[in-house]
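Asker: Just passing along the structure, written as structure tokens.
The values are calculated or read from the model by the stated rules, or taken from the named source; none is laboratory data. It should be emphasised that the depicted structure is a prediction, and the values quoted were computed from it without experimental measurement. Note that each Cβ is placed from the backbone with ideal geometry, even for glycine, and that neighbours are counted across all protein chains shown.
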Amino acid sequence: MPLDLNLTPLQRAPRLLIEADLQPVQGTRFQPTGFPNLGHAVYESPDGNHQNVLVESAQSMANRLEAVCWNSVEDDWVPPLQGLPFVRVVDSEGNTRTTSVLEAHRLNSPYILGGKDTSILDVLKKRLANTSEGRVSIQNLARVLLEFDANALLHGVFLARKTLAGGRLRLARALSAFIEADEARVASSGGVKNDILNPSGDTSKGFGNVPFARDEWVSPRIAAYFNTDLHQIRSYGLGVEVEHLLIALGLFKIRRLLDRGLRLRTACDLEVTDLRVTRPSSFSLPALADLEAAMPVAIRDAEAKGAFGEGPRVRNVCFR
């Protein structure tokens, strides 16, 4: 680790908690996330005096924290992360279809474990054969998963396959995040889809004028919360080099997501107004440039300790 990336204050801390105050980049309105059969997640504040709204869920934030690590033009890690293992899903002609970095369930993606190409599944079966009965060793599971994709050790994974220890292999999220808005109030509006040729046309077929309602929200305080479970990372028992790698990778994800801007949806574009570490108070969040410089060093240190195994850094699996 470079000297300017001082992780010493985290050595005995059970959690690293970070908060970021946010505001819309323009105007005051924003559009929260929505859920099927629920709509916006609105709930009472703990004191019961006002309502809050969930702006972005933990599962969505995990996907966003992974997405900022990926270069979609080159179909590879962004430069500071190159050298980390991942699984690439290709078609019969060798073209990339997706990767373990982009898949919502990471290594448990049906494109990785559910196709006719069972090469990855076979390796996992062999390496995790000793977990078929008895208590699952989190240390062994983490050691194997690290050879395929470090994201699984930060964002969690559930290998829900009966052939893999009866579907008992799972890691909880070590890095979780969400965004919520306090004292939120609805900003109702609407519009009309105009049909200049036939305003009274059959709307069931896409013709005619169609009025619609639209709800956005306003709030005096929007905040993003990030929680890194340092105790869980240490419990993997993978050595100080891997611990530093995972912590630095989590910090890189957080910094890059916040520094690039949070355009969560067309009508939800947010920016940071204040950023702070709440636990431990002795730790200062490194700048993105420092983290970009630290990641290649952390990857090389972990690799030198054999953390990524003897297999290829990029494993291909064909899905037809």
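Asker: Tell me which residues, restricted to the stretch 124-142, are touching a strand residue (DSSP E or B) at 6+ places or on another chain (Cβ under 9 Å) and either in contact (Cβ under 8 Å) with a residue 60 or more places away in the chain or more than 24 Å from D76 (Cβ to Cβ) (or both).
Answerer: L128, T131, V136, I138, L141, A142
Asker: Considering every residue within the stretch 262-278, establish whether at least one is farther than 19 Å from V240 by Cβ and in a helix (DSSP H, G or I). Please lay out each step first, then the result.
Answerer: Step one: filter the stretch 262-278 for residues farther than 19 Å from V240 by Cβ, giving 262-278.
Those still in the list that are in a helix (DSSP H, G or I) too: none.
Within the stretch 262-278 (the criterion being farther than 19 Å from V240 by Cβ and in a helix (DSSP H, G or I)), the answer is no, since none of the residues qualifies.
Asker: Continuing with the same structure: Scan the stretch 57-77 residue by residue and report those that are of a type in the set (V, I, T) and in contact (Cβ under 8 Å) with a residue 40 or more places away in the chain.
Answerer: V68
Asker: Let me ask something additional. Return the residues of the stretch 279-320 that are part of a strand (DSSP E or B) and modelled with pLDDT of 95 or more; say none if nothing qualifies.
Answerer: Scanning the stretch 279-320 gives a single hit, R279.
Asker: Could you say whether any residue in the stretch 87-97 is of a type outside the set (D, E), in contact with a strand residue (DSSP E or B) (Cβ under 6 Å, 6 or more places away or on another chain), crowded, with 20+ Cβ neighbours inside 10 Å and closer than 26 Å to R263 by Cα?
Answerer: No.
Asker: Counting just the residues of the stretch 185-223 that are of a type in the set (A, V, I, L, M) and loosely packed, with under 11 Cβ neighbours inside 10 Å, which one comes out nearest to L270 (Cα to Cα)?
Answerer: Selected residue: A213.
Asker: If we scan the stretch 257-273, do we find a residue that is farther than 27 Å from L10 by Cβ, out of contact with any Gly (no Cβ under 8 Å at 6 or more places or on another chain) and among the aliphatic types (A, V, I, L, M)?
Answerer: Within the stretch 257-273 (the criterion being farther than 27 Å from L10 by Cβ, out of contact with any Gly (no Cβ under 8 Å at 6 or more places or on another chain) and among the aliphatic types (A, V, I, L, M)), the answer is yes, since at least one residue qualifies.
Asker: If you check V78, V73, V25, which single one turns out to be under 30 Å from A248 (Cβ atoms) and touching a Gly at 6+ places or on another chain (Cβ under 8 Å)?
Answerer: V25 is the lone residue from the list that is under 30 Å from A248 (Cβ atoms) and touching a Gly at 6+ places or on another chain (Cβ under 8 Å).
Asker: Can you list the strands (runs of 3 or more DSSP E) lying wholly within the stretch 46-148 that have 2 or more residues being under 23 Å from V242 (Cα atoms)?
Answerer: Counting at least 2 such residues, we get 86-90.
Asker: Would you mind telling me which numbered condition in (1) closer than 30 Å to K125 by Cα; (2) of a type in the set (D, E, K, R); (3) free of Cβ contacts under 8 Å to residues at least 40 places away in the same chain R173 fails?
Answerer: With respect to (1) closer than 30 Å to K125 by Cα; (2) of a type in the set (D, E, K, R); (3) free of Cβ contacts under 8 Å to residues at least 40 places away in the same chain, R173 is out only on (3).
Asker: If you don't mind, another one. Within the stretch 1-56, track down each residue that is in contact (Cβ under 8 Å) with a residue 24 or more places away in the chain and aromatic (F, W, Y).
Answerer: F30
Asker: If I ask for residues that are surrounded by 20 or more Cβ atoms within 10 Å (Cβ to Cβ), within 15 Å of the chain's Cα centre (by Cα) and not charged (D, E, K, R), which ones from the stretch 51-76 would you list?
Answerer: Within the stretch 51-76, M61, A62, L65, C69 meet the criteria.
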